[in-house]
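Colleague: One structure, pasted below without further comment.
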Amino acid sequence: MSITLDILEVGARGDGVADLEGKRFFVPYCLPAETVEAEPLDKRGDGTACDLVEVLAPSRHRVPAPCLHFGTCGGCALQHWRRDVYTGWKSDLIAKALAQRGVKAPTFEAPVTCEPGERRRADIVLRCQGKRILAGYHERGSQNVVDVGTCVVARPKINTAIAALRLAIKAILRDGTSADAVVNETDTGLDVLIRPHRKFELTLAIRETLIALAESADIARVSWGDRATAEPVIVRRTPQLILGDVTIEPPPGAFLQATKRAELVMRAGVTAWLGEAARTADLFAGIGALSLGKPGKLSLFEYDRPSVAAVDAAARKLGGNRVTVQLRDLFRRPLSTKELDAFDAIVLDPPRAGAAAQCAELAASKVKRAVYGSCDPGSFARDVRTLQDGGYRLEKLMPIDQFLWSAHVELIALLTK
């Protein structure tokens with residue numbers, strides 16, 4: 001049975017939030033001040049998840065969605081919200097998280113807002129369904145696949161690759177089987193890693209199909225398998241990322257900042273905010289996207305072996321011990337206060353879980369400047385409260401919207417002691 005709800009706000013997961021008779025409801029694709037008809041489904045946290053049946057009274061901030069798949073594809077949740085209001089909401093998510101932790105925050109820098117067609121990384125689902133090959137993304141809250149013609153947030157070359165993958169995978173997958181394709185646009189072309197969901201023998205026929213795929217879509221490298229054991233099948237051009245004066249060859253399926261423009265802004269922030277620091281440590285460094293190419297000596301710490309190997313190869317080409325990299329799980333073995341005191345500045349860019357153990361050590365250290373890149377306001381606020389209690393001040397904060405029209409918000413911040 002459907003119910004009528006008045007939407008109060010958009011929550012952190014991008015759903016409209018309503019209260020009715022003391023009960024909380026979450027409705028997708030809604031905006032504040034709208035009246036909607038919704039069908040309650042299952043319990044979710046402290047409320048009930050719903051399906052949207054109809055918008056009875058739309059918001060003045062509601063706009064037409066630019067994608068034909070909006071409302072079905074799980075990739076975007078907020079294409080119906082006017083951009084300036086939507087961007088302000090993302091900054092508010094950060095402000096609310098900080099306020100809940102009692103963190104003293106400065107006036108935010110102007111947010112970095114990305115545009116349609118800028119996303120340079122896509123995780124594509126490929127599925128054989130009868131005589132059809134589906135290539136796209138999962139539906140919202142489902143394992144069903146939305147067959148995407150054009151993804152409006154992705155780079156044009158990625159959309160070309162999606163079409164080519166749909167054709168190529170037909171010769172590889174059997175009915176009911178699936179694979180993922182991690183597609184990265186590097187500075188020298190597309191880098192594609194195909195990860196089958198079940199074990200396939202990499203036969204000569206499959207290799208020939210993947211080579212033809214690379215030729216038809218002008219793909220620099222096509223690899224096969226999971227990230228830890230990926231096998232390059234064809235390398236037409238070596239995938240490269242240019243980071244300042246350092247060129248790195250990323251491993252297949254490497255994590256990249258979602259847009260090149262946001263990465264450049266974040267790198268510029270690290271350089272400007274850390275100034276002339278002679279010795280810098282980059283924690284949760286990945287492939288060093290935020291720090292490689294920075295003046296001075298740099299030590300990177302990362303737990304992903306392929307990323308460490310890629311950074312080490314780039315460092316050897318530089319020579320002179322200017323850059324060093326260490327394989328280290330900072331969740332289990334964070335740098336100690338004594339180890340941190342050897343550095344003038346710290347860069348840290350942890351996963352969504354944040355860096356609770358590492359920030360406890362950092363709070364007790366003598367390090368004067370730290371730049372924190374975050375992809376989760378909640379864990380960021382928790383960690384910054386720890387640093388604040390240790391004498392750090394949150395001096396600068398810049399919201400970053402790399403994941404356009406999603407509920408995902410990132411930021412980069414400067415903390416000083």
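Colleague: Spin-label point model (7 Å from Cα, Cβ direction): what's the GLU215 to ASP341 distance in nm?
Modeller: Using points 7 Å along Cα→Cβ, the separation is 6.3 nm.
Colleague: To the nearest µm²/s, what D does Stokes-Einstein give for region 106-189 at 20 °C and 1.002 mPa s, using the Kirkwood radius over alpha carbon pairs as Rh?
Modeller: 152
Colleague: In region 173-242, what GluC sites (Glu not before Pro) fall in a loop by DSSP, with at most 10 other Cβ atoms inside 10 Å?
Modeller: Of the GluC sites (Glu not before Pro), the ones in loops of region 173-242 whose Cβ has at most 10 other Cβ atoms within 10 Å are GLU201.
Colleague: Given points 7 Å out from each Cα along the Cα-Cβ axis, report the LEU68 to LYS96 separation in nanometres with one decimal.
Modeller: Result for the modelled spin labels: 3.5 nm.
Colleague: Quick one, can you get me the convex hull of the C-alpha atoms of region 339-398 expressed as volume per residue in Å³?
Modeller: Convex hull of Cα atoms, per residue: 75 Å³.
Colleague: Further question on the same structure: Using a cut-off of 11 Å between beta-carbons, work out the net charge of the residues near GLY288 (Lys and Arg +1, Asp and Glu -1, GLY288 not included).
Modeller: So the surrounding residues net to -2.
Colleague: With a cut-off of 8 Å between alpha carbons and a minimum separation of six or more residues, what is the relative contact order of the chain in percent?
Modeller: 13
Colleague: Regarding region 212-258, what are the three Cα extents along the principal axes, ordered largest first, in Å?
Modeller: Sorted largest first, the three principal extents are 34, 24, 18 Å.
Colleague: Apply the a/c threshold of 1.5 to the C-alpha gyration tensor of region 1-142 and tell me whether it is rounded, prolate or oblate.
Modeller: oblate
Colleague: Oh, and also: Quick one: length gained pulling PHE200 to ALA268 fully straight, 0.36 nm per residue minus the C-alpha distance?
Modeller: 20.1 nm is the gain from fully extending PHE200 to ALA268.
Colleague: Using a cut-off of under 13 Å, list every residue of region 173-196 whose amide N is near the label point 7 Å from the Cα of THR229 along the Cα-to-beta-carbon line.
Modeller: Counting only backbone N, you get 196.
Colleague: What part of the accessible area of the chain, given as a whole %, is carbon or sulfur when the probe is 1.4 angstrom?
Modeller: The C+S portion of the solvent-accessible surface of the chain is 52 percent.
Colleague: Could you please report the charge total around SER374, scoring K, R as +1 and D, E as -1 over all other residues with beta-carbon less than 9 angstrom from its beta-carbon?
Modeller: Within the 9 Å Cβ shell, the charges total -3.
Colleague: Continuing with this model, one more query. What relative contact order, as a whole-number percentage, does region 32-80 give when Cα pairs under 8 Å and 6 or more residues apart are counted?
Modeller: The value is 31 percent.
Colleague: By DSSP, what percent of the beta bridges with both residues in the chain are antiparallel, rounded to the nearest 5?
Modeller: So the antiparallel bridges in the chain amount to around 70 percent.
Colleague: Provide the per residue accessible area, probe 1.4 Å, for the chain, rounded to a whole number of square angstrom.
Modeller: Per-residue accessible area for the chain comes out at 45 Å².
Colleague: Taking the alpha-carbon centroid of each part, what is the distance from region 254-331 to region 42-73 in angstrom?
Modeller: That distance is 40 Å.
Colleague: Return an integer: the convex hull volume of the alpha-carbon atoms of region 65-217, in Å³ per residue.
Modeller: Convex hull volume per residue, Cα atoms: 155 Å³.
Colleague: Taking the Cβ-Cβ separation of ARG322 and GLU37 as r and a Förster radius of 56 Å, what is the calculated FRET efficiency to the nearest 0.05?
Modeller: The computed FRET efficiency comes out at 0.35.
Colleague: Toward the positive end of the charge dipole of the chain, about the Cα centre and with charges on Cβ (Lys, Arg +1; Asp, Glu -1), which of PRO251, ALA161, SER142 goes farthest?
Modeller: Towards the positive end, the residue furthest out is PRO251.
Colleague: Now for a separate question. What full-extension length gain, to one decimal in nm, is calculated for ASP46 and ASP84 as 0.36 nm per residue of separation minus the Cα-Cα distance?
Modeller: Fully extending the segment from ASP46 to ASP84 adds 10.7 nm.
Colleague: Next up: Quick one: length gained pulling ASP19 to THR150 fully straight, 0.36 nm per residue minus the C-alpha distance?
Modeller: Contour length minus the Cα-Cα distance gives 43.4 nm.
Colleague: With an 8 Å Cα cut-off and a minimum separation of 6 or more residues, compute the relative contact order for region 191-346 in percent.
Modeller: Rounded, it is 18 percent for region 191-346.
Colleague: Could you tell me the calculated FRET efficiency between LEU8 and ARG352, based on Cβ-Cβ distance and R0 = 25 angstrom, to the nearest 0.05?
Modeller: Efficiency, from the Cβ-Cβ distance: 0.45.
Colleague: With N residues in the chain, what two-decimal value do you get for its Cα radius of gyration over 2.2 N^0.38 Å?
Modeller: The chain yields a ratio of 1.05.
Colleague: OK, next. Return an integer: the convex hull volume of the alpha-carbon atoms of region 171-318, in Å³ per residue.
Modeller: Convex hull volume per residue, Cα atoms: 118 Å³.
Colleague: Measure of size requested: the Rg and Dmax of region 281-417, with Cα atoms as the atom set and Å as the unit; please supply both.
Modeller: 14.6, 44
Colleague: Among the trypsin sites (Lys or Arg not before Pro) in region 324-353, which ones are in a DSSP loop with at most 16 other Cβ atoms within 10 Å of the Cβ? Mind listing them?
Modeller: ARG332, ARG352
Colleague: Please give the FRET efficiency for GLU208 paired with ASP245, using the beta carbon to beta carbon distance and R0 = 41 Å, rounded to the nearest 0.05.
Modeller: 0.55
The values are calculated or read from the model by the stated rules, or taken from the named source; none is laboratory data. Treat the numbers as computed from the prediction; the structure is a model and nothing was measured. Methodologically, a virtual Cβ is constructed for each residue, glycine included, from the backbone with ideal geometry; neighbour enumeration extends over all protein chains shown. Calculation scope for accessible area: heavy atoms of the full protein, side chains included, ligands and nucleic acids excluded. Shrake-Rupley method; radii C 1.70, N 1.55, O 1.52, S 1.80 Å.
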